[in-house]
Each structure stands twice: as structure tokens, then as C-alpha cells.
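This report refers to the structure that appears directly beneath it.
Values quoted throughout were computed directly from the atomic coordinates according to the rules given, and no laboratory measurement underlies them. Bear in mind the structure is a predicted one, so any value in this text is a computation, not a measurement. Virtual Cβ from ideal backbone geometry, glycine too; neighbours counted across all protein chains shown.
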Amino acid sequence: MNRRGDIKRDIKEALGNKNLRGALTRFGEAYLESRARAYAGKDFNALREEICAIKRNAADKMEDLAQRFTRAAEARGTKVFRAATAQEAREYIANLARQKNVRQIVKSKSMASEEIHLNEHLHQLGLETVETDLGEWILQLSGQKPSHMVMPAIHMTRGEVAQVFSKEVREQLPPDIPKLVKVARQNLRRKFLEAQMGITGANIAVAETGTIVIVTNEGNGRLTTTLPPLHVAVVGLEKLVEKFSDIKPILEALPRSATAQKITSYVSMITGPTPVAYPDGTTGDKELHIVLLDNGRTQMQADPVFKEALQCIRCASCLNVCPVFQIVGGHVYGYVYTGGIGTVLTAFLNGWQNASEIQNLCLGCERCKLYCPGKIDLPRLIRELRRRTGEKAGAPSISSQVMAKVLPNRRLFHSLLRAAGIAQKPFQRGGMVRHLPLFLAGLTEGRSLPAIVSKPLRDRVAQTPKTSQIVGDNQRQGVRVGFFAGCLVDFVYPRIGEAVKELLTSAGIEMVFPMEQTCCGVPALYTGLAHTAAEAARQNITAFEHAGVDRIVTACPTCAQAIKRYPEILAGEPEWHQRATTMANQVEHVTGYLHGVFQRLAGARLKKARGTTVTYHDSCHMKGCLGLTLEPRELLGLAGYNLVELECSDRCCGFGGSYSIKFPQLSRQILDNKLDTVAGAEVGTLALDCPGCLLQISGGLTSRGSAVTVKHTVELLDL
């Protein structure tokens with residue numbers, strides 16, 4: 001199915017659901033604290049390295065492990081069926097049900113069965129198939145699909161669940177969780193006893209022994225695998241691991257990352273059929289059938305980029321920390337798998353056309369990458385997905401065509417920015433654009449926009465007398481530092497660039513501004529315009545090579561991260577790749593650079609703020625990509641500021657560059673959550689290190705009439 005044209009409607013509906021937003025926000029906030037406690041005493045990075053190695057090895061050997069698993073399982077009496085497609089898997093299970101005269105089926109939670117739409121297929125054949133996981137049963141009764149891979153009904157409140165159960169049992173039930181669980185047990189118990197087939201998934205499949213491992217928090221999993229005489233497990237090929245010892249690290253991480261538990265209630269390991277007692281008093285062996293499901297997985301395994309997605313252990317931590325998921329939930333993603341990893345899985349397992357719109361939901365904060373126990377660089381996969389989606393779509397959108405034409409042409413691009421600065425003047429008030437006309441009006445809903453300055457940083461630097469650009473030899477440290485401005489600092493916040501220059505000069509460091517520099521290319525990169533991003537990269541590499549600098553600093557963490565990706569962007573061009581690697585190794589965020597400089601100088605050349613109180617916002621790319629958290633705080637301390645920590649300081653502001661234009665309602669809701677925490681800090685100044693966050697947060701505060709001042713860290717150091 002093609003979701004084009006529906007996604008914005010779905011977003012609007014989700015944003016209008018206060019119960020949904022409240023439930024997801026509460027879980028998201030509680031998850032981080034609970035997860036930290038669950039991992040206490042564990043080296044998460046070491047653990048994820050181990051899991052990454054295990055899963056990468058399994059992906060490399062997928063076909064070999066599938067054959068070894070089949071041999072080991074069949075040697076113990078299991079029947080293994082290799083299903084190349086969803087249809088083959090459905091037909092095998094349906095035929096098995098017919099052969100065994102199955103009338104009733106119970107199911108434990110299985111995303112693989114959701115993927116192949118098994119329930120619908122069995123229902124069409126007249127087979128009663130009952131979900132026995134509490135969350136899945138709730139959704140089955142309410143006619144919904146899972147919104148989360150681990151907690152399928154996380155989006156529903158206890159009141160909504162009470163209404164669903166009341167309708168099912170024809171009795172008005174109170175929204176009391178113990179009572180509702182009791183009702184579920186009473187209704188499902190007889191289903192287990194009457195069923196002739198039990199269907200499950202599996203979290204791990206061990207090639208060495210033919211063992212499947214099932215991890216659950218409810219007893220329904222064990223009832224499903226033990227009571228019916230016939231057990232069918234639908235297992236994706238990505239669940240294979242080579243050795244039995246490979247189970248341990250995955251079991252250590254899965255519950256901690258999924259639900260912030262140290263261990264789940266039940267871990268079941270099944271190796272071959274087990275004995276069963278029949279109602280007539282006789283005994284025998286259960287039948288165990290394992291459907292090894294491909295359905296696009298070997299295609300993913302053969303792809304040198306997307307092969308990495310097979311390292312996923314289905315913990316859904318990428319959903320748990322995603323600022324977009326926490327606002328709209330999983331149903332907006334429109335298919336079986338949700339969130340960032342779901343976007344990639346949908347493309348390969350359910351068709352690229354079904355991922356064409358949902359891949360745009362990614363904000364680009366890159367938070368998911370930090371929490372993934374499989375060490376998947378999910379943001380990189382989504383960028384590649386966007387690139388290929390654009391290629392498959394044929395003619396690009398009008399906005400993409402404009403970007404592809406304008407962005408590589410530095411003179412045209414900068415001329416348009418200057419023209420926009422003139423055009424915006426009728427809508428300015430106090431240096432801010434409070435409203436825009438006609439179809440642009442949505443851009444200023446919930447926030448004001450900073451005005452494009454009449455004289456950008458490049459003009460100010462060009463007009464600065466040479467004597468003030470280069471300090472005397474007796475003061476110099478012999479270092480030439482190139483400054484990469486980025487679009488916002490150059491044309492909107494030149495004061496940040498001027499502050500950087502003053503700070504470097506005070507430390508005896510020469511700052512060089514190459515006039516040929518242009519946009520870092522990140523708008524094109526995030527839009528899937530790889531060729532446009534590559535052209536911007538080549539222009540910037542050339543500009544800074546000609547400048548002959550020792551280091552490159554930027555006041556924008558997104559620009560720094562974009563430059564560090566230049567080797568990736570130019571990987572197919574050996575000479576440019578080498579030059580890109582050199583530039584990537586030179587660049588760093590100015591706050592990190594100044595931290596080292598002024599620590600050596602013991603802050604002696606910083607002007608002191610004499611105890612002025614500030615709070616600090618951790619920008620996504622500053623903390624998550626560049627790993628800079630202590631540096632800005634320590635710099636502020638060296639300058640005499642009293643720092644009050646902001647609650648959820650690394651909560652995303654929702655900017656995401658063009659994301660705030662493409663999805664203004666989503667961006668605004670994420671911003672509102674951030675503004676609430678800023679208001680709760682009760683301080684007069686908010687420090688940060690990202691011009692994009694500065695634009696978003698200061699615009700939101702101005703729109704609210706807040707007196708809080710938002711400043712880049714370098715502005716607070718240069719008083």
C-alpha cells in the first residue's frame with residue numbers, strides 16, 4: 001500500500017490524541033532512568049561490541065547457519081521449513097492446520113507473524129486464532145496493530161483498555177489494572193486448554209544446537225508452547241546465532257534495553273519436541289515445526305550497507321528514545337515495524353514503496369545510535385534509504401530540484417539569502433520575524449524566526465582591518481585556525497562568528513575565514529541528494545586546502561558532523577576521499593577546541609561572569625555525535641558562571657533543519673516539551689552550542705513572551 005498523502009493526516013490525528021502523547025511521554029522519561037539503573041555495573045559499550053560481533057558474524061554466515069540450524073533441529077525431531085516469502089510461510093502453516101484438523105489456535109507475541117499477516121490469513125480460512133500476550137490481545141479485540149515492537153499496546157490508557165474488555169465480556173469494568181489482568185486470565189485460560197496449535201516467534205535461534213530461545217514477561221509464552229500438541233515457531237533468519245554461548249550477551253542486553261529490566265520473567269529454551277499428555281490419557285511427543293523466514297532478509301544480507309540492520313535484536317530501544325515516536329507513536333509509521341529500525345525493515349521486508357514516506361519521519365537527532373545494543377548506525381541507514389528512495393522515485397520533488405540547483409552554486413545560494421533578507425523586512429519586529437504571509441504562515445506558528453542580517457559574517461570579516469585579523473608574532477601560538485561558519489552563523493548569527501574570533505585572538509590564535517566556503521551540505525544529505533552533498537563537500541575541501549590552516553573549527557555541531565562524513569560521501573572517489581579524510585580529521589567544534597586552549601591557560605584570558613546563573617541545553621549532535629558534554633560546562637565554569645542543570649538537558653528541541661518546515665506540527669510539539677523544561681529551570685539565560693537549536697528555542701521562547709535569553713556558549717565567554 002502507498003502511504004503518500006496520508007502521513008500528515010495521521011500525524012495530525014496522533015497529535016490530537018492527548019492520551020497517546022501522555023502515555024508515550026511518561027514512558028520515555030521513565031525509561032531513561034530505569035534503563036540506567038538496569039545497566040548499573042555493566043559496561044554497555046563492551047556489551048554492545050560483543051553483540052555486534054556475534055550478530056555481524058551471523059549475518060556473514062546466514063546461509064551456512066540456516067543449514068546448520070536445520071540439521072541440528074531435525075536431528076532432534078523438529079521439522080524445519082525454509083519460507084522464501086511471506087506467502088510460503090502462511091501457506092505452510094495453513095496446510096499444517098488442515099492436515100492436523102486444527103480448529104483453534106493460540107499465539108504468543110510474534111512480530112514475524114505480524115509481518116506476514118498470519119492472523120488475517122488464518123481468519124479467512126475459518127480458523128480461530130487468539131493472541132494471548134496481554135497487549136496483543138487488547139489490540140486484537142480493538143482491531144488495532146502494534147504500535148511498538150516490544151510493548152504493542154503502549155499507546156493505550158487503562159481507561160481505553162477497560163472499555164475494550166467491557167465490550168468483550170459484556171460487563172462494565174473499572175480501569176483497574178489487577179482487575180483487568182484477572183479478566184484476561186479468566187478468558188484466555190480456556191483458549192489454551194482448547195487449542196490444537198500454538199504459534200510463537202523466537203528471539204534467538206542457535207545453529208549449533210537447533211535451539212530456539214523465547215523471552216517473555218508473561219506466562220502465555222510457555223502455555224502456548226506446552227499445552228497444544230502442535231507448536232509452530234515463525235523465526236526470521238536474522239535471529240540465527242552460531243553458538244549456544246552467543247545467547248548470554250543478547251539476554252543481558254535485550255531486557256535492559258527493551259523494558260529497562262535486568263531480566264525478563266521467562267526465558268524458555270526449546271531444543272526439539274517435548275513430551276505431551278493427551279486428553280485420553282495417552283502420551284507422546286509434541287510436534288515442533290520451525291518456519292525459518294526469509295521474506296527479504298537474504299536481500300538485506302547481500303546489501304553491503306543495509307546488512308548492518310541484521311544486527312538488530314528487536315529490543316526497540318531506538319523507539320524508546322526517539323523524540324518523534326514519543327510524540328506520535330507507532331501507528332503513524334503505517335506498517336508492521338515502527339520507528340527508525342522499522343523504517344529500514346519495512347523497505348526490505350514489506351516493500352520499498354511502503355517506506356517512501358515514513359523514512360521522512362526521522363528527525364536526524366541520531367539518539368537511537370547511542371542506545372542500540374546491536375551498534376547499528378541507524379541514522380546512516382536512513383540517509384541511504386532516502387538516497388535510494390529518491391533514485392527509485394524518478395523525478396525529484398520541486399523542493400529537491402531547487403536544492404540540487406541552488407546549493408552547489410555558492411554565489412546563487414548566497415545571493416538568494418541576501419534577497420530573502422530584504423524581502424523579510426516588512427515582517428520583522430525587534431530583529432525577529434513574528435509572522436509570514438500566505439502559505440509560509442505555518443513556519444511561524446508557535447515560534448518566531450530570526451531575521452537574516454543585512455551584513456553577513458563574510459562581509460564583516462572582509463571589511464575587518466588586516467591588523468585586527470592577525471595578532472602580532474609575540475602573541476601568536478603559531479596556529480592558523482580556519483573557521484567554518486555554516487549558513488546560520490554566516491547569515492543569521494554573525495555575532496557568534498565574531499565572538500569566536502575574539503576568543504581565538506585573545507588566546508593568540510589566528511582565525512582564517514575562507515570566502516569560498518559554502519553550506520556544509522547537510523540539507524542535501526538529509527534529503528537524499530547525495531550528488532549535491534558531494535559537490536558542497538568538494539567546494540569546502542578546496543576552500544580550506546587553499547587557506548592552509550592547521551585546524552578547522554565551527555560553532556555548529558551539525559556542520560562539524562557533516563564534514564566528518566565527507567569521506568563517506570566521497571567514498572567512491574579515491575583522491576577526494578583522501579582529501580575529505582584530511583579535512584574530517586582537522587575539524588572540531590569550537591567549544592571543544594577552546595576548552596583545551598583555556599584549560600591550558602587556566603581561563604586567564606576569559607572575562608568573568610561573577611556568579612551569573614545559567615542553564616545548559618545539550619544539542620543532539622553536540623552530545624550524541626561529537627561526544628561533547630563536559631567541555632562547555634567546564635568552560636562556563638572557568639568564565640565564572642554558576643551552572644544549574646536543566647532537566648532532560650539532552651531532550652531534542654525538534655529543529656532538524658528542514659524538518660521543521662516539512663513537519664511543522666511535529667517540530668512544534670517537540671519544541672513545546674523542551675520549552676516547558678526551560679521554563680521549569682527558572683533561570684534567565686540558557687546556554688547551548690548549536691545555531692539550529694538557538695533558532696528553534698529562542699524563537700519558541702519569544703513566541704511565548706518569555707524573558708529567558710538564549711546564547712551560544714562562545715557569546716557568554718566573550719562578554
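The table that follows gives values for the structure above.
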item	result
In segment 531-604, GluC sites (Glu not before Pro) in a DSSP loop with at most 14 other beta-carbon atoms within 10 Å	none
Label-point separation, residue 298 to residue 103 (7 Å along Cα→Cβ), nm	4.0 nm
Sequence of 325, 655 once ranked by neighbouring C-beta atoms within 10 Å, starting from the fewest	325, 655
Table column - 3J(HN,Hα) (Hz), segment 332-340, Karplus curve with 6.51, -1.76, 1.60, x for Gly and Pro	5, 5, x, 9, 6, 8, 10, x, x
³J(HN,Hα), Karplus 6.51/-1.76/1.60, whole Hz, each residue of segment 320-326, x for Gly, Pro	4, 10, 7, x, 6, 4, 5
Simple label model, 7 Å out from Cα along Cβ direction - residue 76 to residue 629, nm	4.1 nm
Two-site label geometry, residue 605 and residue 244: point separation in nm, points 7 Å out along Cα→Cβ	6.5 nm
Neighbour-limited loop hits for GluC sites (Glu not before Pro), segment 168-233 (at most 13 other Cβ within 10 Å; DSSP other than H, G, I, E, B)	171
Over 21 Å (Cα to Cα) - which of 55/145; 307/369; 61/239 fall in this group	55/145
Length gained when the stretch residue 704-residue 462 is fully extended (0.36 nm per residue, less Cα-Cα span)	83.4 nm
Protection proxy ranking of 604-617, 362-375 - average other beta-carbon atoms within 10 Å, highest first	362-375, 604-617
Whether the chain is rounded, prolate or oblate, judged on the alpha carbon gyration tensor where a/c under 1.5 counts as rounded	prolate
282, 224, 591 arranged by Cβ crowding within 10 Å, fewest neighbours leading	282, 591, 224
Per-residue Cβ neighbour rank within 10 angstrom, fewest leading, 61, 262, 674, 623	262, 61, 623, 674
Spatial separation of Cα centroids for segment 619-645 and segment 24-70, in angstrom	29 Å
Built amide H within the under 5 Å cut-off of residue 274, gap 5+	286
Sequence-distant residues sharing a close amide H with residue 709 (under 5 Å, placed H)	685, 686
Per DSSP, loop trypsin sites (Lys or Arg not before Pro) in segment 126-227 with at most 16 further Cβ within 10 Å	170
FRET efficiency for residue 194 and residue 142, using Cβ-Cβ distance with R0 set to 22 Å, rounded to 0.05	0.45
